[in-house]
Structures are given as structure tokens and as C-alpha cells.
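Below you'll find the structure, written out as C-alpha cells, and then a few comments.
The values are calculated or read from the model by the stated rules, or taken from the named source; none is laboratory data. The structure displayed is predicted, hence computed values, not measured ones. Neighbour counts are summed over all protein chains in view; Cβ atoms, including those assigned to glycine, are modelled from backbone coordinates with ideal geometry. These area figures cover heavy atoms from the full protein model, side chains too; ligands, DNA and RNA do not enter into them. Shrake-Rupley method; radii C 1.70, N 1.55, O 1.52, S 1.80 Å.
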Amino acid sequence: MPLSPETSKVDYVLFQAATAIMEAVVREWILLEKTSIESLRAFLLTYVLQRPNLQKYVREQILLAVAVIVKRGSLDKSINCKSIFHEVGQLISSGNPTVQTLACSILTALLSEFSSSSKTSSIGLSMEFHGNCKRLFQEDGLRQIFLLTMEVLQEFSRRENLNAQMSCVFQRYLALANQVLSWNFLPPNHILCFFKSHLFMDLPKKQVN
């Protein structure tokens, strides 16, 4: 396993360590035990939680590594996505604006990674793989993120006054809600198969005409 962020406090080294871990996990996925993968995911998340003063770009890269691990394990069920959303829900329920901001960053990283857009990380996997992950995610994960986001927005809407920090958290979750509502849905695989089969069935007819 590559350089561990536990052994360094230099921001650039932490960033590179997170990148190396992310790439190594994807490359060596089939060789790793499921328990090892889950332990690494939990370690990275805990590392960020215990260090609220991390530089933003370092924190986001570590959370990207978490999102990539979750995505890579979503199809073969190596990662339990429900447990992740449960963990994020606990962070949100803490009522601590700093922790709630971190929860928002986790959800944003997951949303961006599963979107199969220009924000998706380059992890050496096929577009078909990314598409299948996105379809699976939009069946349930997307709804889970929306529900967690609405939980925060409803909590803040009941407060009469928001200080500057709370207002910032509120704005971040508004932006997250907008991302969810702007999701570019992919059609289910069975619909794609239906259209492909009919397309190929029609080809001889078109050629004859």
C-alpha cells in the first residue's frame, strides 16, 4: 500500500498520498479483501473527521478517494452504501455546523463521482462501468442524498436567526440540493437493450428500401 497520510502533515504530501491510495485501490481491487477495503474507507473518513483544519484541497482529495472506493465497490457490493449514508446522517444530526459542512462535502464528492460527467475522476475504468455505477446510484443513492439534504434545509428553515457560519452551511446544502435536482438521468439498461434490439431489427428493412 502506498504512502499513508497518517505519517505526514505536509499538505502537498497528504494530497499526493490520497491520490496514490485512490489509484492503488482501484488497480489492486481484485487482490484486496472486502474487509481491508472497508477498513481503508473508514480510515480515510475518520482521518478527515478528526482533522477539521485540513487544507480544503487536501480534504477534498481524501473525500474523492472515499467516493472512488465507494463507486468501485458499488457494483460488486464490496462497499455497503447504506452504512455510508447512515454515517453521514449521524454527522448531520450532530447539529455542529463544522461537522455538517463536512457531511455536505462527503455527499458532494459522492454525487460528483457517480455523475459520470467531467467531474468524474479518471480511475482507468471503462465508460460502461461508470454508466452502470451511475444507473445503480440513481436508483437509491441519489434519493438518499436528497433526503439528507432536505433534512438539513428543513432544520435550518425552522430557525429564526442564522449566524454567518450557519448561513454558509445552509447555502452549501442549497447548492447540493440543486445538484441533485439537476441530475442527468441515464435510462435503465433494459430500455437501452430494447432500443438496440429494435434498431438492429430495423436495419435490414432500411437497407432493402
- Please give the number of the condition Leu63 fails out of (1) more than 24 Å from Glu151 (Cα to Cα); (2) touching a residue at least 40 places away in the same chain (Cβ under 8 Å). (1)
- Among the candidates Ser116, Ser112, Ser39, which residue alone is more than 19 Å from Leu14 (Cβ to Cβ) and in contact with a His (Cβ under 7 Å, 6 or more places away or on another chain)? Ser116
- A careful count of residues in segment 135-182 that are touching a residue at least 40 places away in the same chain (Cβ under 8 Å), within 14 Å of the chain's Cα centre (by Cα) and exposed (fewer than 15 other Cβ atoms within 10 Å of the Cβ) gives 1
- Task: Considering (1) open to solvent by 60 Å² or more (accessible area, probe 1.4 Å); (2) in contact with a Leu (Cβ under 9 Å, 6 or more places away or on another chain); (3) among the basic types (Lys, Arg), say which one Lys56 fails and leave the rest.
- Result: (2)
- What number of residues in segment 113-129 are crowded, with 19+ Cβ neighbours inside 10 Å and part of a helix (DSSP H, G or I)? 2
- Note on the structure: Picked from segment 83-94 (must be touching a residue at least 60 places away in the same chain (Cβ under 8 Å) and closer than 27 Å to Leu125 by Cβ), the residue most open to solvent (accessible area, probe 1.4 Å) is Phe85
- Query: Limited to segment 150-172, what total is found for residues that are assigned to a helix (DSSP H, G or I) and farther than 28 Å from Ile21 by Cβ?
  - Reply: 16
